[in-house]
Structure formats: structure tokens, C-alpha cells
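Encoded as C-alpha cells, the structure appears first; notes follow it.
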Amino acid sequence: MRHLKKKNKLSLPADQRKAVLRTLANSFFKSGEIKTTLGRAKALQREVEYLITLAKRGDIHARRQAAAFLYEKEVVKKLFNETVGNFKAKKGGYTRLIKTFPRRGDAAPTAILQLVN
């Protein structure tokens with residue numbers, strides 16, 4: 001049973017949902033911010049916070065766990081070498097979610113997810 005295991009399903013099957021989040025996470029760590037729909041941004045925020053926590057641990061097992069989720073090795077290197085340096089003293093709240101105007105065309109609510117410096 002899935003009691004108390006709530007997750008944003010994004011109206012996608014599990015394999016497609018994981019692929020979307022992995023792609024968004026790769027793009028996010030490349031640029032430091034990403035603009036997407038509000039639902040995807042909220043789901044991505046959870047994954048990004050977890051990956052940054054792994055990077056703060058910094059051991060080989062954490063690096064392998066991050067590499068299993070992210071598609072590109074360069075993104076993993078950037079996460080562990082550059083991105084994590086800003087958050088050594090923080091215990092959480094590594095990202096900021098800013099709601100923006102609805103998307104033109106389908107009026108989907110959009111948001112920008114950024115790293116907090």
C-alpha cells in the first residue's frame with residue numbers, strides 16, 4: 001500500500017515521468033535555472049534538493065546515486081565540484097520557485113525554478 005507516499009504524478013506513467021524529471025534536472029544544473037509549468041517545477045524541486053543533498057555528502061556512493069539519475073557525466077561533475085560549494089553551510093532550501101504568468105496558448109501556470117545563492 002502507498003499510505004503517506006504522496007507524489008506528484010504529472011499525469012504520466014512512471015517511466016515517462018522519471019524521464020521528464022531527469023531531463024529537466026540535467027537542464028537545470030547546466031544553467032542554474034529553468035522555466036517550466038508549475039506542476040513540473042514543484043516535482044523537479046524535490047528531486048533537485050535531494051541531488052544537492054547527495055552532492056553535499058560527497059562520497060563515492062552519493063556520486064554514483066546522482067550519476068544513476070542524471071543523464072550526463074559533465075552535469076554530475078559540475079554538481080559535485082561547483083554547485084555544492086555554495087550550499088555547504090545550508091541545511092536545505094537550495095532552490096527558489098517563482099510563479100510567473102500563464103503560458104500563452106493553453107494558459108498553463110508557469111514558474112521559474114532557480115538555485116539560491
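One residue stands out among those in the stretch 63-83 that are part of a loop (DSSP other than H, G, I, E, B) and touching a helix residue (DSSP H, G or I) at 6+ places or on another chain (Cβ under 8 Å): the one that is surrounded by the most Cβ atoms within 10 Å (Cβ to Cβ), which is L70.
Quickly run through the stretch 70-86 and pick out the residues that are of a type in the set (F, W, Y) and either more than 15 Å from K30 (Cα to Cα) or at pLDDT below 95 (or both). Walk me through it before giving the result.
Taking the stretch 70-86 first, the residues of a type in the set (F, W, Y) are 71, 80.
Passing the criteria: only Y71.
Residues of the stretch 13-38 that are closer than 23 Å to V75 by Cβ, among the hydrophobic types (A, V, I, L, M, F, W, C) and surrounded by 13 or more Cβ atoms within 10 Å (Cβ to Cβ): A19, V20, L21, L24, A25, F28, F29, I34. Could you tell me whether any residue of the stretch 39-62 is part of a strand (DSSP E or B), of a type in the set (D, E) and closer than 16 Å to Q114 by Cα? Within the stretch 39-62, not a single residue is part of a strand (DSSP E or B), of a type in the set (D, E) and closer than 16 Å to Q114 by Cα. Checked against (1) β-branched (V, I, T); (2) within 24 Å of D15 (Cα to Cα); (3) not in a helix (DSSP H, G or I), I112 passes all but condition (2).
Per the conditions (1) touching a Lys or Arg at 6+ places or on another chain (Cβ under 6 Å); (2) more than 18 Å from A25 (Cβ to Cβ), the sole criterion not satisfied by A111 is (2). For I52, state whether it is over 24 Å from A111 (Cα atoms), out of contact with any His (no Cβ under 9 Å at 6 or more places or on another chain) and of a type outside the set (F, W, Y). Here the answer is no, as I52 does not meet what is asked. Scanning the stretch 84-92 for residues that are aromatic (F, W, Y), assigned to a helix (DSSP H, G or I) and without any contact (Cβ under 8 Å) to a residue 40 or more places away in the chain turns up at least one hit. Considering every residue within the stretch 100-110, establish whether at least one is of a type in the set (A, V, I, L, M), on the phi > 0 side of the Ramachandran plot, surrounded by fewer than 16 Cβ atoms within 10 Å (Cβ to Cβ) and out of contact with any Pro (no Cβ under 9 Å at 6 or more places or on another chain). Checking the stretch 100-110: at least one residue is of a type in the set (A, V, I, L, M), on the phi > 0 side of the Ramachandran plot, surrounded by fewer than 16 Cβ atoms within 10 Å (Cβ to Cβ) and out of contact with any Pro (no Cβ under 9 Å at 6 or more places or on another chain).
Here's the yes/no breakdown for (1) in contact with a Pro (Cβ under 6 Å, 6 or more places away or on another chain); (2) touching a residue at least 24 places away in the same chain (Cβ under 8 Å); (3) acidic (D, E); (4) on the phi > 0 side of the Ramachandran plot:
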| site | (1), (2), (3), (4) |
| --- | --- |
| H3 | no, no, no, no |
| L10 | no, yes, no, yes |
| D15 | no, no, yes, no |
| L24 | no, no, no, no |
| S31 | no, no, no, no |
| R57 | no, no, no, no |
| R63 | no, no, no, no |
| K73 | no, no, no, no |
| E82 | no, no, yes, no |
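The values are calculated or read from the model by the stated rules, or taken from the named source; none is laboratory data. This one's a predicted model, so the numbers in the text were calculated from it and none came from an experiment. Virtual Cβ from ideal backbone geometry, glycine too; neighbours counted across all protein chains shown.
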